[in-house]
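Q: Sending over a structure as structure tokens; questions will come in a sec.
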Amino acid sequence: MSAQRHFAEAVLAAEPLCPPGLMAWNGSDPARRFAVYRNNVMVSLIDALADSYPVTQDLVGEEFFRAMARLFVRTHPPRSPVLALYGAGLAEFIEGFAPAAVLPYLADVARLEMLRVQAWHAADAAPLGLADFAALLENAPALAATGFDLHPSLAVLRSAHAVVSLWAAHQAQDGTPDLTAVDPALPESALVLRIGLDVEIRRIPCATAQFILHLQQGLAFGAAAQFALDAEPAFDLPAVLGMLICGGAIINLCQPRREPA
Amino acid sequence: MTIPANCRPSQGDAPAFPVTTLPARGGVGLKPEHFREILDTAPDVGFFEVHAENYMVDGGPFHYYLGRIRQRHPISIHGVGLSIGGEEPLDAAHLDRLAALLARYQPESFSEHLAWASHGGVYLNDLLPAPYHVGTLARVCAHIDHVQERLQRRMLLENPATYVEFAASTMAETDFIGEVVRRTGCGLLLDVNNVHVASVNHNRDPRAYIRALPLKAVGQIHLAGFARDIDAAGDPLLIDSHDAPVAQVVWDLYAFALDLLGPLPTLIERDGDIPVFPVLLAEAQRADRIMRQQLAATAPAEACA
């Protein structure tokens, strides 16, 4: 085994190991010195997760979160020096983490927070001009037949839990979330979109979530709208289209990439 | 008069790459907490430095702010993830990302560490030490050659802060660095805090350490704060934590280095417990003052008449 493999394994090991071949000028036990590296690695990666998942941490408390993050780092260490998106697998990890099972919504809150981080760093893209929309809105057959390229930051999360309400309750400026009005067991859908330099998280109706997901998957506008109306007769198509246009979420018209199933 | 280090030809047999220069002034590490204030106030600071890996994202606020700040200020890009001291080949995808970032921002300086951070596909997010012997020397030189060829520019290599030494080492760190500089033509980023930290940790004389480096190759200086711990024998063990102001002992060592080097671009590094921007700006201005005092003290007599 190479020297650096010994070193790397000892850095991440659960027990305080010390790789062979280390020394100190005063002959002291090098394990104490090596522990500085173990601590730097573990603390910096747990801190990176805490930065990306502040609400997840609030929901379980700092001590629980850091203990869980420590296990996650050991089993899912970074595979790239680019740490901005490190920890994308935390939601799946939480689903299999027995001590977190009492909070069935925790994994989806983590999912929402990672979508927010991904939206933050997603590629920039200019929205489609209003003149292009105006022309399209006058031509119903063309509108129905076109597909939309959506902004790279846009994501939709459909959850069996009240993820948006839980997340929003933890955005209180004074740091004390008001959860009295939140029933975590109510299903909610989230729209995640970077508008200007800020990432917005909005609660959207289920049919709207389905509509946007269909557009994102390449369905034509007309077909996506029909699915939404079939699922929810009250689906407010003009309002949803207005929301997407105002948020700069539509960046291009395109040929539909998929037929309705 | 001191010739700016980056303008000097490389000293060894290595090919010389085109270089640009940061101003010989105090600079500040750019933190997202300070983006808005820096754009709004355009502070008079020598340069800003960013960690390359933080900006290897597709878009969004980081690029928005760095693009605008770069239009007004010289910048230095400082890598932490290339793993130049690693046993394995360099990560070609990471080097490509780095080349794209440098092409986008055209920084006046690019630097990396004499350390490793990746092994077996895992990135450990720390600057890990390597033994100093001919095997490591050959690998480090090959990696730096690879980096400089790919980026078509000279890089600066930073001296490390370390907590352990290796039984397998056969060379002094300063001799190792000197040989790397001679063989590859790379420059040296003299991290004065690292010199202090490593000198305490390994019971060395920090001034002798600095004198033993290839000083003609120094193109930039780093200053930072450290934390205190003790080793198993109860002797002091300093941690390169970057979460505190620059210590007086490091300012003193900086003044000593400047007496040998002349004025050089000097970065105030702060990565933890980030204060408001004026606190970091004041430390950069303190570096400016020390450089001015040092210049005045060494100026020819007639210039003072």
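Rule-based calculations on the coordinates, nothing more; no lab input. Since this is a predicted model, take the numbers as computed values, not measurements. As a convention, Cβ positions derive from the backbone with ideal geometry for all residues, glycine included, and neighbour counts pool all protein chains shown.
Q: Would you kindly calculate the translational diffusion coefficient of the stretch B:91-210, applying Stokes-Einstein with the Kirkwood radius from alpha carbon pairs, for 20 °C and a viscosity of 1.002 mPa s, and quote it in µm² s⁻¹ without decimals?
A: 140
Q: Which whole-number percent is the relative contact order of the stretch A:11-71 (Cα, under 8 Å, 6+ apart)?
A: Relative contact order, the stretch A:11-71: 27 percent.
Q: When the dipole is taken about the Cα centre of the stretch B:179-271, and only Lys, Arg (+1) and Asp, Glu (-1) are charged at their Cβ, what size is it in debye, to the nearest 20?
A: 480
Q: How high is the relative contact order of the stretch B:110-166, in percent, with contacts defined as C-alpha pairs under 8 Å that are six or more residues apart?
A: 49
Q: From zero up to wherever the largest Cα-Cα distance of the stretch B:137-268 sits, split into 5 Å bins and tell me the percent of pairs in each.
A: Whole-percent P(r) values from 0 Å outward: 2, 10, 20, 22, 19, 15, 9, 3, 0, 0.
Q: For peptide A:6-14, how many partner chain Cβ atoms fall within 10 Å of a residue's Cβ, on average?
A: 3
Q: How large is log10 of I(q)/I(0) for the stretch A:58-164 at q = 0.17, 0.22 Å⁻¹ when the intensity is taken from the Debye formula with one equal scatterer per alpha-carbon?
A: -0.89, -1.25
Q: What ranking, highest mean first, results for peptides B:136-148, B:157-169 when packing means the other Cβ atoms within 10 Å averaged over each residue?
A: Highest to lowest by the protection proxy: B:157-169, B:136-148.
Q: Whole number please: convex hull volume per residue, Cα atoms of the stretch A:124-261, in Å³.
A: 117
Q: Place a +1 charge on the Cβ of each Lys and Arg in the protein assembly as shown and a -1 charge on the Cβ of each Asp and Glu, then give the dipole magnitude about the Cα centre in debye, rounded to the nearest 20.
A: Taking the Cα centre of the protein assembly as shown as origin, the dipole is about 1200 debye.
Q: Moving on. May I have the extent of the alpha carbons of the stretch B:203-305 along their three principal axes, as whole Å values ordered from largest to smallest?
A: Here the spans come out as 55, 36, 22 Å, largest first.
Q: May I ask you to derive the relative contact order of chain A, considering only C-alpha pairs under 8 Å and at least 6 residues apart, and to give it as an integer percent?
A: 17
Q: Compute the distribution of all C-alpha to C-alpha distances in the stretch B:22-92, in bins of 10 Å from 0, and list the percent of pairs in each, rounded to whole numbers.
A: With 10 Å bins starting at 0, P(r) equals 18, 47, 24, 11, 1.
Q: Here's something else I'd like to know. Just counting partner chain Cβ atoms within 10 Å, what average do the residues of peptide A:38-44 show around their Cβ?
A: Shielding by partners across A:38-44 averages 4.
Q: Could you tell me the distance between the Cα centroids of the stretch A:105-122 and the stretch A:180-223, to the nearest Å?
A: 13
Q: Kirkwood Rh over Cα pairs of the protein assembly as shown into Stokes-Einstein at 20 °C, 1.002 mPa s: D in µm²/s?
A: 82
Q: Tell me, rounded to the nearest percent, the portion of alpha carbon pairs in the stretch A:136-205 spaced more than 14 Å apart.
A: 68
Q: Run through every distinct alpha carbon pair of the stretch B:145-202 and return the Kirkwood hydrodynamic radius in angstroms, one decimal place.
A: For the stretch B:145-202, inverting the mean 1/r across all distinct Cα pairs yields 12.7 Å.
Q: Around B:Asp243, with a cut-off of 11 angstrom between Cβ atoms, what is the net charge of the other residues, counting Lys and Arg +1 and Asp and Glu -1?
A: With Lys, Arg at +1 and Asp, Glu at -1, the neighbours total -3.
Q: What number do you get for the stretch B:20-298 when its Cα radius of gyration is normalised by 2.2 N^0.38 Å, N = residues?
A: 0.96
Q: Please average, across the residues of A:82-91, the number of beta carbons from any other chain that are within 10 Å of each residue's own beta carbon, and give a whole number.
A: What the average comes to for A:82-91 is 3.
Q: With no solvent and one point on each alpha carbon, what is the Debye value of log10 I(q)/I(0) for chain A at q = 0.17 Å⁻¹?
A: With one equal scatterer per Cα and no solvent, log10 I(q)/I(0) is -1.26.
Q: I would also like to ask the following. Taking 1 over the mean of 1/r across every pair of different Cα atoms in the stretch A:1-103, what Kirkwood radius in Å do you get?
A: Hydrodynamic radius (Kirkwood, Cα pairs) of the stretch A:1-103 is 15.2 Å.
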